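Let me begin by presenting the structure, written as structure tokens, before commenting on it.
The values are calculated or read from the model by the stated rules, or taken from the named source; none is laboratory data. Because the structure is a prediction, the values reported are computed rather than measured. All Cβ positions, glycine included, derive from the backbone under ideal geometry; neighbour counts span all protein chains shown. With ligands, DNA and RNA removed, areas are computed over all heavy atoms of the protein, side chains included. Shrake-Rupley method; radii C 1.70, N 1.55, O 1.52, S 1.80 Å.
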Amino acid sequence: PAVLVALIGIFVTFKLPDYYAADAIIFIQQERLATKVVDSPEDKESKEMQIQFEGLLQEILSRPRLRGIINQYKLYPEITGTGAEQKAILKLRSKVSIAAVKSETGVVNPQAFQLSFSHSDPATAYAVTKTISNLFIEESLIAKKSEAQGTEEFLDSKLREARERLEQT
């Protein structure tokens, strides 16, 4: 029986398709104003960062973005028929994994996450992971640019207020 189980295990191992996973760790650095200008409690900052990350995640894993990746790399050509695009998008979403990064002590870093994609072709796994991580970086840069513009407007308004008070004095 032990030899038979071993032979079945070897047979099944050779018949299963190979899957390769490509991983990327992405670190999102929060923009900061000087604490003397704006007081922001750590809890509020952490919640805001979580909300921003969720929005970023929804944008990256949206249907148009995933459809573009599927078309660019010709993923899942075996999926055909009615609703093939929806099935392919769902399959791609199931193959993309996003997890929080933990330190050696087990503490979760809220600013970092691990992106992983698995596919039967290692080059495709790498290319899709790279594309998705680049989308995260591009969207993060757009958000930072918008945030910087908002910060500039905030500081300008505070400067105008201070100037008006000085003139009144």
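Please say if the stretch 106-157 is rounded, prolate or oblate, where rounded means a/c under 1.5 for a ≥ b ≥ c the square roots of the C-alpha gyration tensor eigenvalues, and otherwise the choice is prolate for a/b larger than b/c and oblate otherwise?
On the way: a/c = 8.02, a/b = 2.12, b/c = 3.77.
Oblate, since a/c reaches 1.5 and b/c is not below a/b.
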Item to check | Estimated inter-spin distance, THR131 and GLN86, nm [label 7 Å along Cα→Cβ] | outcome: 2.3
Next on the checklist: Can you give the longest run of the chain that contains no trypsin sites (Lys or Arg not before Pro) sitting in a DSSP loop with at most 16 other Cβ atoms inside 10 Å?
Outcome noted: 75-169
Checklist outcome for this item: Comparing THR80, THR151, THR13 in a Gaussian network model of the chain (Cα, 10 Å), the one with the largest mean-square fluctuation is THR13
Item to check | Lysine pairs meeting the criterion (Cα under 25 Å, 8 or more apart or interchain), as found in the stretch 39-169 | outcome: 21
Checklist entry - In deg cm²/dmol, rounded to 500, what helix-only [θ] at 222 nm does the chain give when every DSSP H run of at least 4 residues adds -39500 (n - 2.57) and the total is split over its residues? => result -21000 deg cm²/dmol
Checklist entry - GLU48 to ALA123: FRET efficiency via 1/(1 + (r/R0)^6), r the Cβ-Cβ distance, R0 25 Å, to the nearest 0.05? => result 0.05
Checklist entry - What angle, in degrees between 0 and 90 and rounded to the nearest 10, separates the Cα long axis of helix 42-60 from the longest principal axis of the Cα atoms of the chain? => result 50
Checklist entry - When only C-alpha pairs under 8 Å and at least 6 residues apart count, what is the relative contact order of the stretch 49-164, in percent? => result 21
Item to check | Calculated from backbone phi, Karplus (6.51, -1.76, 1.60) coupling profile of the stretch 120-126 in Hz, x at Gly/Pro | outcome: 6, 10, x, 5, 5, 4, 5
Checklist entry - HN-Hα J couplings of the stretch 153-169 from phi, Karplus 6.51/-1.76/1.60, θ = phi - 60°, integer Hz, Gly and Pro as x? => result 5, 4, 5, 4, 5, 5, 5, 4, 4, 5, 5, 5, 5, 5, 5, 5, 5
Next on the checklist: Per residue, how large is the accessible surface of the stretch 63-169? Use a 1.4 angstrom probe and give square angstrom.
Outcome noted: 66
Next on the checklist: Once you order the gyration tensor axes a ≥ b ≥ c over the Cα atoms, which shape class does the stretch 60-151 get: rounded for a/c under 1.5, otherwise prolate or oblate by comparing a/b with b/c?
Outcome noted: oblate
Checklist outcome for this item: Judged on accessible area alone, 1.4 Å probe, highest first, ILE28, ILE51 line up as ILE51, ILE28
Checklist entry - Of (1) 63; (2) 69; (3) 55, which is the value of percent of Cα pairs over 19 Å apart derived from the coordinates here? => result (2)
